[in-house]
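Step one of this worksheet: look at the structure below.
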Amino acid sequence: MAEKTDNFRVIVVGGGPVALTAAHALSQAGIDFVLLERRKALDKDAGSSVAVWPHNVRLFDQLGLLEEAERTYMPVKYKRNLRRDGTEMSRSDMFEAIGINHGHKWMCFHRAKLMDMLCKNLPDQGKVQLDKEVVSIENTATGVTVTCADQSIHTGSIIIGADGVHSTIRKLMNEKTGKVDEPFVATYRGLYGYSSRSLELEPGVLYETHTKSLTIQLIVAEEQQHFLVYERMAQPTKERTRYTDEDQDTMAQRFADVRFPGMQSDQWVTFAQVWAQRQWSAIGNLEEGIVGKWHSERTVLVGDAVHKMTPNTGFGMNSGLQGVAQLVNRLRALLQANAAPDTDALDKTFREYQTARMGNSKEAVDMSALYTRLVAWNNPVWKFADQYLLPHVNGDVTSLNLLMSPIVQKGVPLDFLEEKSFKAGKYSYHTPPPVVNA
Ligand SMILES: Cc1cc2nc3c(=O)[nH]c(=O)nc-3n(C[C@H](O)[C@H](O)[C@H](O)COP(=O)(O)OP(=O)(O)OC[C@H]3O[C@@H](n4cnc5c(N)ncnc54)[C@H](O)[C@@H]3O)c2cc1C
């Protein structure tokens, strides 16, 4: 049973996967919180796919979510790298290799199902408040006050801003310090969603089209297939672009001819077919970058609010979940020593959290950027290497071993909860399971 840390109350702003995981971790740490989300309902049927790497499956184990996660995820084993016409450049068992490297499997979820799992298993449902768009924040010597668009006022001890890449909390925090810290630049746009499964395609396979300025990832599950189309834009932009449904159709038409090979040698599925079968889709710029200042006074940021990457390698949310672990571990330790920490003590804790996460987050942002550009043949060297060199060195598994597994190995668990189902892999974790007194 979590000990209660009385009077200290966290205001979590946002209701995405990072905020909800923060709510779970705070609840288990016995730290009071309220979660304020702008939308009228949480993402229960929207979104494409989102994969959880094994270091964060460790967190699910600690938070009592592992069994449901194992029942819910869509197994993916193989990766097939294709040219635009569907001919194969290489194939690998990369996703199986992730489990061998790290114990727990790579769990790819329909995002809506992951959100549903996080929402319905949250012990303190009453602490989640929807239709609460935070519009202003005030610091006092001993706490914070947050005002929402509906004029409701919420008081607490600190704010955790988990409100995504266009974070209002980051903007408000920066306004107070007179600092502009908006490093995100989008070079690629993404068209993503899911459709009913094309029966010709093999479930458990991630098909990846590589060609000039374009990549398509098509993850085929038993009932659905999830697609992500990455297109290099004519100019990088810092502006937020508002796209229409027509923009989605226009973008899909540019790639209608892309082909995926079926299970029989004469079967092909085109992207036009995948698009025609779609059940949900969205379009948006894929920002990249990392902010320099993650906290100020009694406000601290996590998730896409501080680091944003292209989703090709699936590390965006994963980096945010690690931020939650590093932040809640430190916050809990602070509150155990001092139930009413002052702003200096909080500042020190937030600074240590940022220091702990900065290197690993930057590695993930840089690695995702490199992968995105390599498979979109950003220059003649990568075009050549991707087609003619990497297939000979099992490029997917080699890049897993050299680039991705080192990030996973640095993953930390919550240091106050047991890992009942810890699994060791070929590559050991730098932080072993915590020893927790009953
Ligand atoms: C197609 C696609 C596939 C992806 N695949 C993966 C993957 O496989 N693995 C992975 O790790 N990552 C993946 N990502 C990245 C991942 O989706 C993000 O990193 C993740 O959603 C970030 O979570 P978050 O909670 O920080 O922010 P968000 O998910 O953006 O949530 C922010 C929340 O804050 C709310 N909000 C905003 N402003 C306010 C306000 N003022 N007041 C109250 N609430 C507010 C929003 O409504 C929203 O609910 C993918 C991204 C895309 C686009």
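The values are calculated or read from the model by the stated rules, or taken from the named source; none is laboratory data. Keep in mind that what you see is a predicted model, and the values were worked out from it rather than measured. Cβ placement follows ideal geometry from the backbone for every residue including glycine, while neighbour counts extend to all protein chains displayed. Just so you know, the surface numbers come from the protein's heavy atoms only, side chains and all, with ligands and any DNA or RNA stripped out. Shrake-Rupley method; radii C 1.70, N 1.55, O 1.52, S 1.80 Å.
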For the peptides 277-289, 337-349, 375-387, 404-416, what is the packing order when you average, over each peptide's residues, the other Cβ atoms within 10 Å and list the highest mean first? 404-416, 277-289, 375-387, 337-349
Can you give the calculated 222 nm mean residue ellipticity of the chain, where each DSSP H run of n ≥ 4 adds -39,500 (n - 2.57) and the sum is split over every residue, rounded to the nearest 500 deg cm²/dmol? -10000 deg cm²/dmol
For Gly164, list long-range residues whose amide hydrogen, built 1.01 Å from N in the peptide plane, is under 5 Å from its own amide hydrogen. Asp304, Ala305
Any idea which of Phe95, Gly30, Leu66 is furthest toward the positive side of the dipole for the chain, if Lys and Arg beta-carbons carry +1 and Asp and Glu beta-carbons -1? Phe95
Helix 245-254 versus the longest principal axis of the chain: what angle, 0 to 90°, nearest 10, using Cα atoms? 40 degrees
The stretch 149-205 to the stretch 15-91: how many Å between their Cα centroids? 15 Å
Nearest 10 degrees, 0 to 90: helix 343-375 Cα axis against the chain principal axis: 0 degrees
How large is the convex hull of the Cα atoms of the chain per residue, expressed in Å³ as a whole number? 135 Å³
Taking the Cβ of Met367 as the center, what net charge do the other residues with Cβ under 12 Å away carry, scoring Lys and Arg +1 and Asp and Glu -1? -1
Starting from the residue with the highest accessible area, list Tyr188, Tyr73 in decreasing order, probe 1.4 Å. Tyr73, Tyr188
For the stretch 203-214, in residue order, the Karplus 3J(HN,Hα) values (coefficients 6.51, -1.76, 1.60; θ = phi - 60°; whole Hz; Gly and Pro = x) are x, x, 10, 9, 8, 10, 8, 10, 7, 4, 6, 9
Residue-span extension gain [Gln336 to Thr241] - 0.36 nm each, minus C-alpha spacing: 29.7 nm
Pairs from Lys348/Lys410; Lys120/Lys238; Lys40/Lys410 whose Cα-Cα separation, in the structure shown, is over 25 Å: Lys120/Lys238; Lys40/Lys410
Specify the angular offset, from 0 to 90 degrees and rounded to the nearest 10, of the alpha carbon long axis of helix 168-177 from the longest principal axis of the alpha carbons in the chain. 50 degrees
Quick one: 3J(HN,Hα) in Hz for the stretch 91-97, Karplus 6.51/-1.76/1.60 with θ = phi - 60°, rounded, Gly and Pro as x. 9, 8, 9, 3, 6, 5, 4
Give me the net charge for the shell around Met251: Cβ to Cβ below 14 angstrom, other residues only, Lys and Arg +1, Asp and Glu -1. -2
Once the piece of chain linking Glu67 and Val135 is laid out straight, how much longer is it, given 0.36 nm per residue of separation minus the C-alpha distance between them? 20.7 nm
Which value does Rg/Rh take for the stretch 172-305 over its C-alpha atoms, Rh per Kirkwood? 1.10
Where does each of 102-111, 126-135, 225-234 land if you order them by average Cβ count within 10 Å, highest first? 102-111, 225-234, 126-135
